[in-house]
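Enquirer: Here you go, one structure.
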Amino acid sequence: MRATRHVIGVGLALGLAASPAMGGDLRDLYFSEALYRAFQGQYFDALQRLDTELVMYRGLDQPDLDTLHVHVNNAEFSVGDFELNYRMHHRAGRAIKAVLEGAVDESVRNEAAFRLARIHFQKTQLEDALHALARMHGTVPGEIRDDVEFLRANIYMATGRPGEAAKVLAPLRSDQSLTGFAAYNLGIALLQDGRREEAIEQLDKAGRLAAGDGAAFAIRDKANLVLGTLLFESGSFERARQSLDRVRLDGPFSNQALLRAGWAEASTKQYDRALVPWNILADREPTDMAVQEAILAVPHAYASLNVHGRAALSYGRALELFSNQITRVDASINSIQEGRFLKALIREETRQDKDWVIGLRSLPDAPETYYLMELMASHDFQTALQNYLDLEDLRSRLMTWRTSLDAFVDIIGLREQNYEPLLPQVDAEFRELDARMRLRLEQRKHLGSRLQAMLTAPRPDFLATAEERVAGERLALIEKQLGNSDSPESLALRQRVARLRGTLTWRLETEYHERLTAAHVHLTELNTHVEALTQQYEAFVRTRQAATHSYVGYDVQIGRLRERATGALQQVDILMARQGHMIETVAINQLEARRKRLVAQQTEARYGVADSYDRASRVQAAVEAR
């Protein structure tokens, strides 16, 4: 997307946070979530999500297999953009410098240089911004080429080099997305360069350009207002009127345009025509400075037309209005001193609306905001206010996190209550099973060693079956019972025992190899069961450890986190108090300045009432004298 455009002399910032140039093919879910948060204006949440994702990505052994790999450069850029939108300029600069100094493509490096230059420009580090642009070489991505030159021109204007800015801005008038802004800035550059006639011609062109959105209409209105002011100051009242007439009546510059249009007519003594824009303006929001000036200008015009009665009534109305406005200003100052101003600014309903500054006027219990629209719309005040709102948001998060720690303590306590009664019995049964398992594993190991030894030293008797072992033991018992007897019966039995033992030995010797092979097969099958048993054993150990770890050892960690949250909350409270005091001081100073102006206007209206009545009386006396 287009980068943020800073319009010199207008104070408008357009554009969105840069999004990755990847079409709609987003493969990483967490990166997508971060972008979604950013497009909702939730830059803190977007940073939190994307920072976590990048840290996990950098810790992978094979990051090229991760779904973030194809978006990693855009993710690095997005971190800088999110930090920039969250006004974390230092971190944003570091994030983009990391991409700029890394082994990346030329086009990627140039885009990083542009974004770094934009950060420096927004921080008014103009020389650093120019240095960053000077690092761009070779291929510049087409979608930012005009934005680079537009930024360069703005830097030239900010550094007092309007002539060079004009040279850069001239070709940009063909860019549809920059047409109105480039045309207006070119007019301002020419004016600052002392080329007044060329500036007037250029501003006239900028004031006639077609517009398709609110920002383009606003810049066109601004061009017409500036042009009308220039022509009015040079005495070209008719041309000034024509230019001012092109300003929309519902635009942000309409009040100033109506006021200037009236003075343009009044400068040619056409007070009746001046009354038309001034009467329109006088019926608008009375807290606006242009409206207040018009309220005084209307009776002045009537007096100039010798309609002194109408002038006296208008001055009377102005006197009443200024008295009411002074009372309102005093109420605003008192309200701010009581701390209501900051409470009104952090209202949730106002923060959900992009036009919340204007919406503050309609709040019934927020008189402190009546006279601060102009101040609150300024860039410096908005930055200070946004910092205060961010601190308030961070304070709310810290309080939530601290409460969450209490919830974790409760969860851990419930886990302990659940596991502690169960674990002793589980441990007792586990120890018994563990002993039996260790015995069986030792027996299996012994069998394996024996079979391995039998490969080189055959032992057929080791492979006898249970029946064969019983038979061998019975034969040995018979032999023992026969002893050394030489009786015929003993000799006959001894021969039979010898034949049976020979048969048994024959079977063991002839079947030895088959039995040894079968033993190895069974041992291999036993290995499978042992592995399954080992896995179950390890799974149980992990589960047992997880049960303990789910509630043991968290006290210190939670205590440290609670201390960090409490310390951060105290620091945020201190910063909020300082920032809030600064905002209140600036607001009160603004209101006091407006009060002085209102008092002066009230005095002028009071004098105007007396003068108008005096003139009307003299006219009436002259008529009666006839």
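Enquirer: Run the simple label-point estimate for V521 and N418 please: 7 Å along Cα→C-beta, distance reported in nm.
Expert: Going by the 7 Å Cα→Cβ label model, 4.9 nm.
Enquirer: Taking the Cα atoms of the stretch 304-346 alone, what are Rg (to one decimal) and Dmax (as a whole number) in Å?
Expert: 17.1, 51
Enquirer: Report, in debye and to the nearest 20, how large the dipole of the stretch 149-234 comes out about its Cα centre when Lys and Arg carry +1 and Asp and Glu carry -1 on their Cβ.
Expert: Its charge dipole is roughly 100 debye.
Enquirer: Run the quick spin-label model on N387 and V497: label points 7 Å from Cα toward the beta carbon, then report their separation in nm to one decimal.
Expert: 10.8 nm
Enquirer: If each residue of separation counts as 0.36 nm, what is the full-extension length gain between T585 and R208 once their alpha-carbon separation is subtracted?
Expert: Result: 131.6 nm gained on full extension.
Enquirer: Carbon-plus-sulfur fraction of the accessible area of the stretch 442-487, 1.4 Å probe, in percent?
Expert: The nonpolar share, carbon plus sulfur, comes to 53 percent.
Enquirer: Per the Debye formula with a single identical scatterer at each Cα and no solvent contribution, what log10 I(q)/I(0) holds for the stretch 380-520 at q = 0.18 Å⁻¹?
Expert: -1.08
Enquirer: With N set to the residue count of the stretch 197-288, report its C-alpha Rg divided by 2.2 N^0.38 Å to two decimal places.
Expert: Dividing the Cα radius of gyration by 2.2 N^0.38 Å gives 1.05.
Enquirer: How do 215-221, 154-160, 594-600 rank on mean C-beta neighbours within 10 Å, highest first?
Expert: 215-221, 154-160, 594-600
Enquirer: Note down the nm distance, to one decimal, between modelled labels 7 Å out along Cα→Cβ at S550 and at L65.
Expert: For S550 paired with L65, the spin-label model returns 3.0 nm.
Enquirer: Further, regarding this structure: Listed here are the pairs K123/K205; K167/K222; K167/K205; which of them are more than 27 Å apart at the Cα?
Expert: Beyond 27 Å between Cα atoms: K123/K205.
Enquirer: With N denoting the number of residues in the stretch 193-243, provide Rg(C-alpha) divided by 2.2 N^0.38 Å, to two decimal places.
Expert: Ratio of Cα Rg to 2.2 N^0.38 Å: 1.13.
Enquirer: Calculate what fraction, in whole %, of the accessible area of the stretch 256-347 sits on carbon and sulfur atoms when a 1.4 Å probe is rolled over the protein chains.
Expert: 48 percent
Enquirer: Can I ask one more? Taking the Cα atoms of the chain, report the difference between the largest and smallest coordinate on each principal axis, in whole Å and largest first.
Expert: For the chain, the Cα spread along each principal axis is 186, 59, 34 Å.
Enquirer: Please give the length that would be gained between E197 and E563 if that part of the chain were fully extended, namely 0.36 nm times their separation in residues minus their C-alpha to C-alpha distance (nm, one decimal).
Expert: Gain in length upon complete extension: 125.2 nm.
Enquirer: On average, how much area does the Cα convex hull of the stretch 585-626 cover when viewed from any direction, in nm²?
Expert: The directionally averaged projection comes out at 2.5 nm².
Enquirer: Normalise the Debye intensity by I(0) for the stretch 508-626, one equal point scatterer per Cα, no solvent, then take log10 at q = 0.12, 0.14, 0.19, 0.21 Å⁻¹ and round to two decimals.
Expert: Results for the stretch 508-626 at q = 0.12, 0.14, 0.19, 0.21 Å⁻¹ read -0.87, -0.94, -1.09, -1.14.
Enquirer: Here is a follow-up. Looking at the chain, do any whole DSSP H helices span at least 30 angstrom along their long axis by alpha carbon and average -1.0 or above on Kyte-Doolittle, and which?
Expert: Span-like helices here: 308-337, 379-419, 423-454, 488-510, 512-549, 555-625.
Enquirer: What is the magnitude of the charge dipole of the chain about its Cα centre, with +1 placed on the Cβ of each Lys and Arg, -1 on the Cβ of each Asp and Glu, and no other charges, expressed in debye to the nearest 20?
Expert: With only Lys, Arg, Asp and Glu charged at Cβ, the dipole is about 560 debye.
Enquirer: Moving on to the next point. Limiting things to C-alpha atoms, what are the Rg and the maximum Cα-Cα separation (Dmax) for the stretch 402-453, in angstroms?
Expert: Taking only Cα atoms of the stretch 402-453, I get Rg and Dmax of 21.3, 67 Å.
Enquirer: Can you find, among L342, S304, S449, the residue sitting farthest towards the positive end of the charge dipole of the chain, where Lys and Arg contribute +1 and Asp and Glu -1 at Cβ?
Expert: Toward the positive end, the furthest listed residue is S304.
Enquirer: Between L433 and R469, how high is the FRET efficiency from 1/(1 + (r/R0)^6) when r is the Cβ-Cβ distance and R₀ = 35 Å? Nearest 0.05.
Expert: 0.75
Enquirer: Can I ask one more? Taking the Cβ-Cβ separation of V276 and D573 as r and a Förster radius of 56 Å, what is the calculated FRET efficiency to the nearest 0.05?
Expert: According to the calculation, E is roughly 0.55.
Enquirer: Separate question: Could you sort 191-200, 292-301, 115-124 so that the peptide with the highest average Cβ count within 10 Å comes first and the rest follow in order?
Expert: 292-301, 115-124, 191-200
Enquirer: Give me the accessible area per residue for the chain, probe 1.4 Å, as a whole number in Å².
Expert: About 56 Å² of surface per residue is accessible.
Enquirer: In the neighborhood of W278, defined by Cβ-to-Cβ distances under 14 Å, what is the net charge if each Lys or Arg adds +1 and each Asp or Glu adds -1?
Expert: Surrounding charge for W278 is +1.
Enquirer: Tell me the relative contact order for the chain as a rounded percent, counting alpha carbon contacts under 8 Å between residues six or more apart.
Expert: 10 percent
Enquirer: Ok, one more. Taking the Cα centre of the chain as the origin and placing charges on Cβ (Lys, Arg +1; Asp, Glu -1), which of A621, N418, V276 is farthest toward the positive end of the dipole?
Expert: Of A621, N418, V276, it is A621.
The values are calculated or read from the model by the stated rules, or taken from the named source; none is laboratory data. None of the values given here were measured: they were computed from a predicted structure. Counting neighbours? That spans all protein chains shown, and the Cβs are built from the backbone with ideal geometry, glycine included. Ligands, DNA and RNA are excluded from the accessible area calculation, which covers all protein heavy atoms including side chains. Shrake-Rupley method; radii C 1.70, N 1.55, O 1.52, S 1.80 Å.
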